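S.K.: To start, I am sharing the structure in question, which I have written as structure tokens.
The values are calculated or read from the model by the stated rules, or taken from the named source; none is laboratory data. This is a predicted model, so every value here is computed, not measured. Because the Cβ atoms are built from the backbone with ideal geometry, glycine has one as well, and the counts that use them run over all protein chains shown. For accessibility, only protein heavy atoms count, side chains too; no ligands or nucleic acids. Shrake-Rupley method; radii C 1.70, N 1.55, O 1.52, S 1.80 Å.
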Amino acid sequence: MRDSTRRPVCFGRSAIPLAIAVILALPAASVAATGPYVSLGDSYTAAPLVPLPTGNPPACGRSTNNYPSDVARVINPRSFTDVSCSGATTVDMTSPQNLSNFETNPPQFNALSAPDWLVTVGIGGNDAGLIGVAEKCAEIDATQPTGTACKDYYNRGGSDPNVAAVDATGPKVAGVIQGIHKLARHARVLAVGYPDGLPVDGSSCWPLVPLSPGDIQYFNSLETRLNSVISQAAAANNATFVDTFTSSIGHDACKPPGVAWVNGIVPNSVAFPLHPNAMGEQNMANQVLLNLLVG
């Protein structure tokens, strides 16, 4: 059972934006320290190429301005451990992750312990293979700016393997959450979803992001399905789902620099292609903080 006495103070939803603004305005030393905070996850958590790089192994691509670091600066935990790593899947929670340059990231669960107060985990995108889908769609649509050529490609056998892969990710995420509870039995667990990367209004910005409007809708349907699967896994396993998609609508890769919170295939900000930049990571942190405030 989670120790409810260690939860943060709850606020009414109408007071949440003001509460976060007040907390952000306070010096870190003046915010009451919380217990240990551990961050687990993949590249959307690690934030590769977002300044400044930190941690080992370097190939994991962790940033000092990823959302866990942004959260830690606000909640001032007694200790903060970020073991997220680019390319991670649910398997890498309990097994070493071999990286392309012969480095190895230890099992992320190695960072967990009984005293942990907060654990955030952002995982599942690589299990579902969504970055690969986006890259394949860009390849197919590079010469076909209209229609649904990519969706048609994946459905040519009569059923969509990407839908099956997304659905199969649910039990894997559920297993991760269950494992966290076993190792950090007093911690509050937040499963962080994936932000919006492409327009949701039926528009496109081909060739800057070389996907047709129809295939953008197709990709968005996969991402929203994945977020739903993660949300269901969280609800069924005593965890809180953090929706980062809704708040990021209007800040997709088709927007100009300074407005876009995520890079397209051709980057327009300092971040990895098809990944959040520093502003996107800050928004993800804000959504985590909102969920902490409402208890």
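S.K.: For region 90-101, name all the residues that are touching a helix residue (DSSP H, G or I) at 6+ places or on another chain (Cβ under 9 Å) and either charged (D, E, K, R) or surrounded by fewer than 19 Cβ atoms within 10 Å (Cβ to Cβ) (or both).
M.R.: VAL91, ASP92, THR94, LEU99, SER100, ASN101
S.K.: Quick one: in region 249-292, of everything that is free of Cβ contacts under 8 Å to residues at least 24 places away in the same chain and either open to solvent by less than 10 Å² (accessible area, probe 1.4 Å) or β-branched (Val, Ile, Thr) (or both), which residue is nearest to ARG62 (Cα to Cα)?
M.R.: ASN263
S.K.: Let me ask something else. Tell me which residues, restricted to region 159-195, are touching a Ser or Thr at 6+ places or on another chain (Cβ under 7 Å), within 26 Å of ASP215 (Cα to Cα) and open to solvent by 10 Å² or more (accessible area, probe 1.4 Å).
M.R.: Correct list: TYR194, PRO195.
S.K.: Follow-up. If a residue must be without any contact (Cβ under 8 Å) to a residue 24 or more places away in the chain and either open to solvent by less than 50 Å² (accessible area, probe 1.4 Å) or in a helix (DSSP H, G or I) (or both), how many such residues does region 51-65 contain?
M.R.: Counting residues in region 51-65 that are without any contact (Cβ under 8 Å) to a residue 24 or more places away in the chain and either open to solvent by less than 50 Å² (accessible area, probe 1.4 Å) or in a helix (DSSP H, G or I) (or both) gives 2.
S.K.: Mind listing just one residue for me: the one in region 206-242 that is at pLDDT below 95 and surrounded by fewer than 18 Cβ atoms within 10 Å (Cβ to Cβ) and, of those, nearest to SER39 (Cα to Cα)?
M.R.: Here the answer is LEU208.
S.K.: Mind listing whichever residues of region 218-245 are in contact with a Pro (Cβ under 9 Å, 6 or more places away or on another chain) and polar (S, T, N, Q)?
M.R.: The answer is ASN220, THR244.
S.K.: Of all the residues that make up region 120-148, how many are of a type in the set (Asp, Glu) and farther than 15 Å from PHE219 by Cα?
M.R.: 1
S.K.: Tell me, which residue of region 102-120 that is touching an Asp or Glu at 6+ places or on another chain (Cβ under 9 Å), within 23 Å of ALA285 (Cβ to Cβ) and not hydrophobic (A, V, I, L, M, F, W, C) is surrounded by the fewest Cβ atoms within 10 Å (Cβ to Cβ)?
M.R.: Residue satisfying both the conditions and the ranking: ASN105.
S.K.: Looking at PRO68, PRO48, can you tell me which residue is of a type outside the set (D, E, K, R), buried (at least 17 other Cβ atoms within 10 Å of the Cβ), closer than 23 Å to GLY179 by Cα and modelled with pLDDT of 95 or more?
M.R.: PRO68
S.K.: If you don't mind, another one. Looking at (1) more than 21 Å from THR54 (Cα to Cα); (2) outside any loop (DSSP other than H, G, I, E, B); (3) open to solvent by 30 Å² or more (accessible area, probe 1.4 Å), can you tell me which one ARG73 breaks?
M.R.: Checking ARG73 against (1) more than 21 Å from THR54 (Cα to Cα); (2) outside any loop (DSSP other than H, G, I, E, B); (3) open to solvent by 30 Å² or more (accessible area, probe 1.4 Å), the one that fails is (1).
S.K.: Kindly provide the set of residues from region 76-86 that are open to solvent by 20 Å² or more (accessible area, probe 1.4 Å), in contact with a helix residue (DSSP H, G or I) (Cβ under 6 Å, 6 or more places away or on another chain) and not hydrophobic (A, V, I, L, M, F, W, C), ordered by number.
M.R.: ASN76, THR81, ASP82, SER86
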